[in-house]
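**Q** Have a look at the structure that comes next, please.
The values are calculated or read from the model by the stated rules, or taken from the named source; none is laboratory data. Model, not experiment: these values are computed from the prediction. Note that we place each Cβ from the backbone using ideal geometry, even for glycine, and neighbour counts take in every protein chain shown. What goes into the accessible areas is simple: the full protein's heavy atoms, side chains included, and nothing from ligands, DNA or RNA. Shrake-Rupley method; radii C 1.70, N 1.55, O 1.52, S 1.80 Å.
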Amino acid sequence: MLIPAILRKDEILHEFQKLQYTDDLMYEVGCLDNYMPDIADEPEKETYQYAIVDSNDKLVGYIGYSIDWYSSQAHRFGLMSFDRGNPLIGMALFEVMKKLIDELKLHRISWYMVSGNPVERHYDKFCEKYNGRKIVLRDVFKDRLGKYHDSITYEIINEN
């Protein structure tokens, strides 16, 4: 279930603090910088931030994105699981994407990813389902161990 992130701000920030200097955070941010989401007390009209909670009200993840209403596009997605392997994360993301495409009928949805992220195959399937495309730029990012990763962009154009 999605609830406004502001309701669980301290918990979300604490979970992100635990992930500093990890590969999980590297995949979230797409670089070696550390990151804490800026969960605003009064969000801007273009910014949407949610805590993902289970049926027992336990925090399991975070999702945030922006909508440019003028150009009818959603972008700047951030997704983090605090409970690795929990299917609620994927279900929450699917719920958000479905709303953006089917209810809000946004024209364009795009997001970025670093190769090696375990969620890549799920993104591939989702993109395929909505006739999107995957653009891969080779060897854009080098991790702490010297391994190169591709930068991947997904885009879905809604023709409705």
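**Q** So, with +1 on the Cβ of K and R and -1 on the Cβ of D and E, and no other charges, what is the size of the charge dipole of the stretch 1-137 about its Cα centre, to the nearest 20 debye?
**A** With Lys and Arg at +1 and Asp and Glu at -1, about 600 debye.
**Q** For the stretch 33-160, what does the alpha-carbon gyration tensor say about shape, rounded, prolate or oblate, given a ≥ b ≥ c as the root eigenvalues, a/c under 1.5 as rounded, and a/b over b/c as prolate?
**A** rounded
**Q** Just want to confirm a number: the relative contact order over the stretch 68-160, from Cα pairs under 8 angstrom separated by 6+ residues, in percent.
**A** 30 percent
**Q** Which percent of the accessible heavy-atom area of the chain goes to carbon and sulfur, probe 1.4 angstrom?
**A** 50 percent
**Q** For the stretch 72-85, just list the computed ³J(HN,Hα) in residue order, Karplus coefficients 6.51, -1.76 and 1.60, θ = phi - 60°, integers in Hz, with x standing in for Gly and Pro.
**A** 6, 9, 10, 7, 6, 6, x, 9, 9, 9, 9, 9, 3, x
**Q** May I ask for the net charge around ASP23, where only other residues with Cβ less than 15 Å from the Cβ of ASP23 are counted and Lys, Arg are +1 while Asp, Glu are -1?
**A** 0
**Q** Sticking with this structure for a sec: Go ahead and set up a Gaussian network model of the chain, Cα springs under 10 Å, then flag whichever of GLU128, GLU11, GLU44 fluctuates most.
**A** Of the options given, GLU44 has the highest mean-square fluctuation.
**Q** Note down the relative contact order for the chain as a percent, whole number, built from C-alpha pairs under 8 angstrom at least six residues apart.
**A** In percent, rounded to a whole number, it is 19.
**Q** List the residues whose amide H sits under 5 Å from the amide H of GLY61, counting only those 5 or more places along or on another chain, with H placed 1.01 Å from N in the peptide plane.
**A** Amide H neighbours of GLY61: ILE52, PHE82.
**Q** In addition: Just add up the charged neighbours of TYR154: K/R +1, D/E -1, any other residue whose Cβ is under 14 Å from the Cβ of TYR154.
**A** +2
**Q** Using a probe radius of 1.4 Å on heavy atoms only, what accessible surface per residue do you get for the stretch 35-159? Whole Å² is fine.
**A** Accessible surface, normalised per residue, equals 59 Å².
**Q** What ³J(HN,Hα) values, in whole Hz, does the Karplus curve 6.51 cos²θ - 1.76 cosθ + 1.60 give for the stretch 2-8 when θ = phi - 60°, with x put for Gly and Pro?
**A** So the J values, rounded to whole Hz, are 9, 10, x, 4, 4, 5, 10.
**Q** Using modelled backbone amide H atoms (1.01 Å from N, in-plane), which distant-in-sequence or interchain residues come within less than 5 Å of ASP150's amide H?
**A** The answer is SER115, ASP139, VAL140.
**Q** Please list 3J(HN,Hα) in residue order for the stretch 53-60, calculated via the Karplus relation 6.51 cos²θ - 1.76 cosθ + 1.60 where θ = phi - 60°; whole Hz, with x for glycine and proline.
**A** Running phi through 6.51 cos²θ - 1.76 cosθ + 1.60 with θ = phi - 60° gives 10, 8, 5, 9, 6, 7, 5, 10 Hz.
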